[in-house]
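Below is one structure, written out as structure tokens; the observations come after it.
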Amino acid sequence: MGHPPPFRLVTLRQRPEFLAAAAGRRAHGPGFTLQHRKLEGELPLRFGFTVTKKTGNAPERNRIRRRLREAIRRAGADFVGIGGDFVIIGRREALTVPFDSLVEGLAEAIRRLAKGGGQPPRPKAAP
């Protein structure tokens, strides 16, 4: 028997896409916060990655981003039927959390948000 088809990671690139996901629901896990914007229709599951400068220097931020990207590749194949955009905000703890815990935490957060769970969107700031 063959292997399952590889999960193709589609990434967000434009700032408005990140901002739209930030207006959606949130879930937290070990070393990350996940934001979700639900989209209707047969659109691909898309992910955006962000790690702020507060987290560490450039090599540390890149390591966090790489760990999160690989964790999504491992967990994402189970969620192909879910539509929407996810933005993963990496935290410093993502460097020390065991990789299997990171993968399971992401999978659980995606499941929660896909079912409409997680924290509600933050209210917009007054101008």
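Would you pick out the residues in region 50-68 that are part of a helix (DSSP H, G or I) and open to solvent by 20 Å² or more (accessible area, probe 1.4 Å)? Quick ask: steps written out before the conclusion?
Taking region 50-68 first, the residues part of a helix (DSSP H, G or I) are 53-55, 58-68.
Listed by number, the residues that qualify are K53, K54, A58, P59, E60, R61, N62, R63, R65, R66, R67.
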Report, by residue number, each residue of region 69-104 that is farther than 18 Å from P59 by Cα, among the aliphatic types (A, V, I, L, M) and open to solvent by 10 Å² or more (accessible area, probe 1.4 Å).
A77, V80, I82, V103
Criterion (at pLDDT 90 or above and within 23 Å of F99 (Cβ to Cβ)) met by exactly one of R25, R37, R63
R63
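The values are calculated or read from the model by the stated rules, or taken from the named source; none is laboratory data. Since this is a predicted model, take the numbers as computed values, not measurements. Cβ sites come from the backbone with ideal geometry, for glycine too, and all protein chains shown count toward neighbours. Ligands, DNA and RNA are stripped out before the accessible areas are found, and what is left, the full protein with its side chains, is counted by its heavy atoms. Shrake-Rupley method; radii C 1.70, N 1.55, O 1.52, S 1.80 Å.
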